[in-house]
Every structure is written in structure tokens, then in C-alpha cells.
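Peer 1: Just passing along the structure, written as C-alpha cells.
Bear in mind that the values in this text are calculations on the coordinates, not laboratory data. Small disclaimer: the values here were computed from a predicted structure and weren't measured. Here the Cβ positions follow ideal geometry from the backbone for every residue, glycine too, while neighbour counts run over all protein chains shown.
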Amino acid sequence: MRNLALALPCLLAVACGGDFSNDDLEFQNALPQREDLAAKLPDSARAGQGLGTNVQRLSASQVLGGTSELALQAYQAGTRFNTSVDRLLSLLELVRDARPSTRETDRRIWGPFPAKDHPGQELRFVMERQDADFAYLLQFRPKGSGEDAWWTYLPGTFKADGGIRKGTGTLALDLKEARAHGLKTGDAMALDRLDIDYQTKALPTSVELLFTAAGAATPDTRYASRQTPEGLGEMAFRLPGVDFVPGNLTETLDIVARWTPDGRGVLVLNILAGDAKGAQYTECWDAGTRITFMQRNWDFLNPTEGNRSTCPDVSALDLVP
């Protein structure tokens, strides 16, 4: 995936420059930018505090007043989320800064250009418009072959609603198709597909990443981000196959973490499958990522520790667009 992204600057260099019509800009504004889709992390996470490793077993890692390992892991999930989004959008941003090779009333084409890192291949980027709906494709084909030989590596859509880059959209990388046509996918060999769904038309804005593992029929890992203009952020993720509690089975975890700009947060973890199916754990932390409140639905003798009033108000994220 990274190799493909790095190849495009050379391919599009011949088309860079000004001379954009208002109609060209309408097509360009249908493409998402980093600030539209990136998860909003607190300053403490951006400064390097959110460097947790793998999800730890619950009983051993969470102590009132101690560092919240789950908070650090939520921040790390946000960082990985942004890395995935960043790589994908780097492909689109190169197109945004280039003049189309072909202009039609409701269609723009960039290319074809030789695929520098894939000898014998060439690529193009195609966008089509129907009223407020846009569809686009990054495509490859063997050099010199016909129109029917184009195959799609990156499909995307956007429906405009409410202003510049406001609306709903989708974006995907078809990694399985790329490998079937002989293209290398680098560090994404374990994935068949990455899908992004997003909406920027209403608050809180939201982005969802779905990862389909190699050989899987449907996505098995999910990351979602939401945020408000005031700086509240949310990461929700579903992780299968995690050895989270002692036992014979692995767990499927559903985690929702929310935080304020200064780093205070609240997290709810539900175990959907495994040895502890049905268990729920709630935790709050302060700006130093120290646990201030804990609640366990399975502990009847000591279900809570700490003070619930220390949990930050993140209710603005309860709104459903």
C-alpha cells in the first residue's frame, strides 16, 4: 500500500500546476482531506503518552490511581487509525493538486500514466458526477491493453450535503484484487480489503474503518472515530481473538473510549464472546491518564472503586447525526 502511494508523485508530476476551473474545484472538493477523517487525539497522546502495546488482561492491569493501560491503548488505536487514513488519503491528495488529463461535462480523468514501481502497468484516476453524487476510481491495467483491461484498486463515493466537503462518503482499498493482478501490497499482506465510511455533514462527524482479513468473507475488525468542534474525541473498536481473561476461549472486545482535549476520559468495555461473555467494565481517568473510577458488572461485593463524579462530561458525543 505504501509503495503504491509513493509512486504517484512521479506519475502525476507532468500534470501538476494551476489552471483549475470552478467545475474542476467541485470535483476536487468531493475528495476527503486528512482533517476531515483523522481521529482527534488529546495533547497527551500526541506528545507520545499513548504508546500502549497489546490489550492487557483486565485483572492485572487496572488499579485505582494507577496508569490506565486501556486509555493508552485507546490512544494507540487512534494513532493507528490516523496512520491508515493517512496512507489512503495520500493517494487522493496527489490527484487533488493535479490538472485533469481529460475534462468532460460530468467526468474527469487523470492519466493514464506509467506505474513507476510496477513495470508493465499503467494507471489512471476517473471521477464522475451525477447531481450532488460523485464516484471515483483509481485503476490499473497492463500497459498497451484495451479499455476492458482496467481494474479498480481504489473505489470511492461522495454525496455532497451542506457545504464544501460536507456530506457522506466511502473509500476502499481492494488489496485482494491488487495481489491477484501481481501488485505488491507491502505491509498489508494480511488484509484483503480496507473500507472507510464517513460523514461530515452533521455533528459529531464520524469515520469508520473496516478491515477484512485475508481469506475472510466479511470485515472482522472495526475502528470508528467521532469528534466535535470543541475537541471531544471518541474511538470505538471491535477486536476479535483477544486473550483478555484466563480461560480456554479468546474474547471479542467492543470498546468505546471518549476524551476531552486535556486528556481526561471515560471508557466502556464489553466482552461480546469468549470465557467472560457479557462482562462489562467502565473506567475514567484524569489528565495524567491515572484511573479515577472503575466499575465491574460481575463484581457484586465491590462493583465500583473511586468517584464517578471525576468522569468528564462527554455527552455531546451522544448525539446521533
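Peer 1: Cβ neighbours within 10 Å, averaged per peptide: list 220-231, 159-170 in order, most packed at the top.
Peer 2: 220-231, 159-170
Peer 1: Okay, moving on. Quote the FRET efficiency, to the nearest 0.05, computed for Glu128 versus Thr304 with a Förster distance R0 of 56 Å and r equal to the Cβ-Cβ distance.
Peer 2: Efficiency at R0 = 56 Å is approximately 0.50.
Peer 1: Among 296-302, 64-70, how do they line up from the highest to the lowest mean number of other beta-carbon atoms within 10 Å?
Peer 2: The peptides rank, most packed first, as 64-70, 296-302.
Peer 1: Next up: What angle, in degrees between 0 and 90 and rounded to the nearest 10, separates the Cα long axis of helix 2-12 from the longest principal axis of the Cα atoms of the chain?
Peer 2: Taking the Cα atoms of the chain, the angle to 2-12 is about 30 degrees.
Peer 1: While we're looking at this one, here's another question. Counting pairs on different chains as well as pairs 8 or more places apart, how many Lys pairs in the chain have Cα atoms under 20 Å apart?
Peer 2: Details: Lys40/Lys166; Lys40/Lys201; Lys116/Lys143; Lys116/Lys184; Lys143/Lys184; Lys159/Lys201; Lys166/Lys201; Lys176/Lys184.
Counting lysine pairs in the chain gives 8.
Peer 1: Fully extended, how many nm does the chain gain between Asp23 and His181 (0.36 nm per residue separation, minus their Cα-Cα distance)?
Peer 2: 53.5 nm
Peer 1: Let me ask something additional. Per DSSP H run of n ≥ 4, the term is -39500 (n - 2.57); total these for the chain, divide by its residue number, and report the mean residue ellipticity at 222 nm rounded to 500 deg cm²/dmol.
Peer 2: The helix-only estimate for the chain comes to -5500 deg cm²/dmol at 222 nm.
Peer 1: Using a cut-off of 11 Å between beta-carbons, work out the net charge of the residues near Gln139 (Lys and Arg +1, Asp and Glu -1, Gln139 not included). Working shown, then result.
Peer 2: Values: positive: Arg124, Arg141; negative: Glu122, Glu147, Asp174, Glu177.
Once all neighbours under 11 Å are counted, the net charge is -2.
Peer 1: Would you calculate the separation in nanometres between label points at Thr83 and Asp313, each defined as 7 Å from the Cα along the Cα-to-beta-carbon direction?
Peer 2: Spacing of the two 7 Å Cα→Cβ label points: 3.7 nm.
Peer 1: Of Trp285, Leu183, Leu210, which is farthest on the positive side of the dipole of segment 158-313, counting Cα position, with +1 on Lys and Arg Cβ, -1 on Asp and Glu Cβ, and the Cα centre as origin?
Peer 2: The listed residue farthest towards the positive side: Leu183.
Peer 1: Something else about it: Specify the inter-centroid distance of segment 155-189 and segment 91-153, based on alpha-carbon positions, in whole Å.
Peer 2: Computed from Cα coordinates, the inter-centre distance equals 13 Å.
Peer 1: How large is the charge dipole for the chain, taken about the Cα centre, if only the Cβ atoms of Lys, Arg (+1) and Asp, Glu (-1) carry charge, to the nearest 20 debye? Don't jump to the answer; show the numbers that get you there.
Peer 2: On the way: 34 positive and 42 negative charges, 100 e Å.
Value, rounded to 20: 480 debye.
Peer 1: Considering the zone a paramagnetic label at Asn248 would reach in this model (a point 7 Å from Cα along the Cα-to-Cβ line), which residues of segment 258-285 have amide N under 15 Å from it?
Peer 2: 274-277
Peer 1: Also, I was wondering about something else. Beyond 29 Å, what share of the Cα-Cα pairs of the chain remains, rounded to the nearest whole percent?
Peer 2: Values: 22915 of 51360 pairs.
That tail contains 45 percent of the Cα-Cα pairs.
Peer 1: Can you give the local net charge around Trp110? Use residues other than it whose beta-carbon is closer than 9 angstrom to its beta-carbon, Lys and Arg +1, Asp and Glu -1.
Peer 2: Combined, the nearby Lys, Arg, Asp and Glu give +3.
Peer 1: For a label point 7 angstrom out from the Cα of Asp220 toward its Cβ, which stretches of segment 180-202 have the backbone nitrogen within less than 13 Å?
Peer 2: Of the residues in segment 180-202, 190-193 have backbone N under 13 Å from the label point off Asp220.
Peer 1: With a sphere of radius 14 Å drawn around the Cβ of Pro119, what net charge do the other residues whose Cβ falls strictly inside it have (Lys, Arg +1; Asp, Glu -1)? Write out the running numbers ahead of the final one.
Peer 2: Numbers: positive: Lys116, Arg141, Lys143, Lys184; negative: Asp117, Glu122.
Result for the local shell: +2.
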